[in-house]
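The values are calculated or read from the model by the stated rules, or taken from the named source; none is laboratory data. Computed from a predicted model, the values in this text were never measured in an experiment. Here the Cβ is made from the backbone with ideal geometry for all residues, glycine too, and neighbour counts use every protein chain on show.
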Amino acid sequence: MGLLVKYLLVFIIGGVLCAIAQVLLDKTKLTSARILVIYVVSGVFLSAVGIYSKLVAIGGCGATIPLLGFGHALCQGVFKAVDELGFRGIFTGGLGAVATGIVMAVVFGLIASFVSKPKSKIQ
Amino acid sequence: MSGNLEHLTEKQYQVMASSKEQKSKLWKDCMMAFLFGGLICIIAQTIKDFLLSSYFAENVYGFDEEGAAAITTMIMVFLGAFLTAINVYDNLGRIAGAGSAVPITGFANSIVSPAMEFRSEGHILGVGAQMFIVAGPVLVYGTSSAVLVGLLYFLLK
């Protein structure tokens, strides 16, 4: 697969996943928080039935970077932990797999609250 | 009578125009979400491929697939947090819509932005609690559904 085709697929899959969320945002009365929850839960279930891994194989970061990919990471983390640890893995695998992103965001959030002030947003 | 008719057509016109306007707004919003969402994913893919490249392996560190993915996530979260801290990401969100909210950078933004905003309400119930105003529900339902599929996987294995 050529590099250009690969990146084009990343762009298209990532873009389409975001555009679907935008349609939901504009066309339904769902709030953005609700859509993000739907995305992460969908990611978990699509990953569990094996569909999402196929999308990741095609779209790379186009599939892993949107929030559906967060759900995919949660699910695959749990599966891997269950394989390694058995019953205990059900509870350790999910957050373990996504800990990097959460912990970094929390720490940066705390630092930003000390060093940065929100500007009045441009209307 | 004719005045009434004119009034009616004007109203009809307005209804038609506003529905057309909404359609073009939806089209524009979707294009923006598509472009920005795709672009953010391209940036992440570029970072990941660079981390996996032979140049990086020879000169810095040889990552495996999993390591490269983790570092890419870290860099993307940092970028999202940094752009939020310098008041860029929230304004980007006005243009990009879901295109900036759905990628992992948007997840970072959803934590960092309220952390900054609620500083005035204190460090515990302001920053500490409000940080998870959007990320909290995502984590609650994400981890719970992961436990559910994990349980099924454990039982059916």
Residue list for segment A:65-115, restricted to those being more than 7 Å from chain B (Cβ to nearest Cβ) and either touching a Lys or Arg at 6+ places or on another chain (Cβ under 7 Å) or among the hydroxyl-bearing types (Ser, Thr, Tyr) (or both): A:Thr92
Single unsatisfied condition, B:Cys41 versus (1) part of a helix (DSSP H, G or I); (2) surrounded by fewer than 19 Cβ atoms within 10 Å (Cβ to Cβ): (2)
Selection status of B:Phe132, outside any helix (DSSP H, G or I) and surrounded by 18 or more Cβ atoms within 10 Å (Cβ to Cβ): yes
Failed criterion for A:Ile58 (all others in (1) at positive phi; (2) more than 8 Å from every other protein chain (Cβ to nearest Cβ) hold): (1)
Residue check, B:Gly142 more than 7 Å from chain A (Cβ to nearest Cβ), buried (at least 24 other Cβ atoms within 10 Å of the Cβ) and either closer than 23 Å to A:Ile20 by Cβ or at pLDDT 95 or above (or both): no
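For a quick check of your reading: which helices (runs of 4 or more DSSP H) sit entirely within segment A:38-123 and have at least 2 residues that are among the small types (Gly, Ala, Ser), touching a helix residue (DSSP H, G or I) at 6+ places or on another chain (Cβ under 6 Å) and under 17 Å from B:Ala108 (Cβ atoms)?
Details: elements: A:51-59, A:61-64, A:67-85, A:89-115.
Correct list: A:67-85, A:89-115.
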